[in-house]
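What follows is calculated from the coordinates using simple rules that are stated; it is not laboratory data. Predicted, not measured: the structure shown is a model, and the values here were computed from it. Glycine also receives a Cβ, built like all others from the backbone with ideal geometry; neighbour counts cover every protein chain displayed.
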Amino acid sequence: MSKKYVIGVDYGTDSCRAVIIDTDDGKEIASSVQYYPQWKEGLYCNPQENQYRQHPQDYIDTLEAAIKDSLMEVENDISKEIIGISFDMTASTPVLVDKDGTPLALLEEYKKNPNAMFILWKDHTAISESIEINQLSKKWDIDFTAYEGGIYSAEWVWSKVLHVLRVDESIRSKAYSWIEHTDWMPALLTGNTKPENVMRSRCVGGHKAMWHEKWGGLPSEEFLTELSPLLKGFRSHLYEKTYTSDVSAGKLTAEWAARLGLTTDVEVGIGAIDCHMGAVGAGIKPGSFVRVMGTSTCDIMTVPYDQMEDMLIPGICGQVDGSVIPGFIGLEAGQSAFGDLYAWFRGLLEWPLHNILMNSKLLDENIKAKLIEEVSDTIIPQLSDDAVKISIEQSTIIATDWMNGRRTPDANQLLTGSITGLTLGSNAPLIFRALVEATAFGSKSIIDRFLDSGIEIKEVIGIGGISQKSPFVMQILSDVIGLPIKVARSQQTCALGAAMFAAVIAGKYNTIEEAQLKMGQGFICEYTPDMKKHEKYKVLYDKYLHIGQFTEACLPKD
């Protein structure tokens, strides 16, 4: 019998990555990363206003390039042996569409309008709308936020859709419905883009759109129109049913098979949020606490039904039946900034390079560019080398990790970060260490919320770039939370999880657990906490909590 292969596609914040995986053992045969062209140029984004938009054409172009490049890496033509393709995406990343399900930015009249594009997960322009949703939910006879931690976020779909409808009258006449990026790609590849007919992901619908079987799907038309008349009719153009990722959305159309160099026999899976697929790729099971550690963090758990019963965990990003693995309740939490916090500090230190050195008359342009690149690439590693030498007793600077607001516990995107305890003796490594400790303290607060709610954590698993690239960050995290952390071996854990689901929907395996057993890649190392340091960190963590409470109390409430 010939070998069979699947493709896992991971749409991240900056790029699209495709991996071709052997279904027998999970071995990566080939991969390709393609960066979004317009996003790379900084188009349609305004960081000062927390506006981050991505053009749908970027998603299309990078998908084609990534899959074709991956196929070209393989010596033999295996296109006919590829049996399935599944996706993971950032979320909530929605876009307004017309009656045919076409994202408005793909129409000529809106092709340069940011409000007609996909609204990236980290776009925080809809804070006021999220506040209104929460206020109305608490007064309504049904609290539609109940299974989403009781707090609806500015990062999620209804906040974003309402915001762009409010601020841009020009798009209202064509805005027939909305769709998440998670759902759009499978719909596009199977030719099933009509909004009412799209097979929607349980994962993104349950965690980001207030979907729940208990109240018949999405929030009621009455609730939505009370929120704003601009949402009138949207619910009837959406969905009542959702699907787990072990379900096929259909087969590749002839057009897309030709464009990708595949066959029309390829099954296309229902997509899921990147961190959920990553948790599957890392081998999540009940009791596993999986941390996806990149620009932000996402924390995933699966819990048996009998452990949850009627329990609602406050302040997390949702508890959804089947959002990670069918047959279990999926729990999600996370931090709005993790690696982004370190990148912010690096950017701060780079200011003289771009604004003084670049204007120097002493060096030619080529030398200046190379020097800036060399220094920029060295800043974080050098800071880590110096910061690791600082003892906890010397680490007197306390920071909070809310530079991009707080995702969990208890979402509040109005929050801002803080750094306290600065003196004339404070230097860059001291401040960097404080920022790393702040991200670890934020992680501990999430773990404490789960533990306080009676959720058992048997192991912690780290995936994502930081888990493999920064021993400094990982050891501090282990010391702060007081738990060992295993690091997943695969560098493409999210794409691997998608590939595992592709193997299931294509019929290679009956369940995702079977696919995990056969295709999993295990771990490369484990960080063990220094419990003496853990005890010392408890004192700093208490200060972190008090500074956080003070910071939050001093902010305006709206």
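Details
- For I82, distant residues with modelled amide H under 5 Å away: Y5
- Most tightly packed first, judged by the mean number of other beta-carbon atoms within 10 Å of their residues, the peptides 489-497, 267-275 read 267-275, 489-497.
- Here's the picture: charge each Lys and Arg Cβ at +1 and each Asp and Glu Cβ at -1 in segment 465-558, and of Q516, F472, A553 the one pushed furthest to the positive end of that dipole is F472.
- Relative contact order of segment 107-170, pairs being alpha-carbon contacts under 8 Å that are 6 or more residues apart, as %: 40 percent
- Computed E for E240/N366 - FRET, C-beta separation, R0 60 angstrom, nearest 0.05: 0.50
- Low-density loop positions, GluC sites (Glu not before Pro), segment 277-368 - DSSP coil, at most 10 other Cβ in 10 Å: E309
- Shape of segment 1-136, Cα gyration tensor, a/c cut at 1.5: prolate
- Whole-Å distance, taken between Cα centres, linking segment 1-37 and segment 151-218: 26 Å
- Segment 351-427 and segment 238-315 have Cα centres lying 35 Å from one another.
- Cα shape, segment 198-297, gyration tensor, a/c 1.5 rule: oblate
- Farthest toward positive dipole pole in the chain [+1 Lys/Arg, -1 Asp/Glu at C-beta], among S159, P429, L227: P429
- Computed 3J(HN,Hα) for segment 203-217, one whole-Hz value per residue from the Karplus formula 6.51 cos²θ - 1.76 cosθ + 1.60 where θ = phi - 60°, is 4, 6, x, x, 8, 10, 10, 6, 7, 7, 4, 4, 10, x, x, glycine and proline marked x.
- Extension reserve of the H354-E226 stretch, reckoned as 0.36 nm per residue once the Cα distance is removed: 41.2 nm
- Value of relative contact order over the chain, rounded to a whole percent, pairs C-alpha under 8 Å and six or more apart: 16 percent
- In segment 377-421, the inverse of the mean reciprocal separation of distinct Cα atoms equals 12.6 Å; this is its Kirkwood hydrodynamic radius.
- Ranked by how many other beta carbons lie within 10 Å on average, peptides 225-236, 147-158 from highest: 147-158, 225-236
- Amide H to amide H, with H built 1.01 Å from N, D530 comes under 5 Å of D479, counting only residues 5 or more places away or on other chains.
- Calculated mean residue ellipticity at 222 nm for the chain: -12000 deg cm²/dmol, from DSSP H runs with n ≥ 4 weighted as -39500 (n - 2.57), summed, divided by the residue count and rounded to 500.
- Cα-Cα over 24 Å, subset of K138/K458; K122/K444; K40/K112: K138/K458
- Cα gyration tensor shape for segment 433-479, rounded if a/c is under 1.5, else prolate or oblate: oblate
- Per the Debye calculation on segment 59-156 with a single equal scatterer at every Cα and no solvent contribution, log₁₀ I(q)/I(0) for q = 0.11, 0.14, 0.22, 0.24 Å⁻¹ amounts to -0.57, -0.79, -1.15, -1.22.
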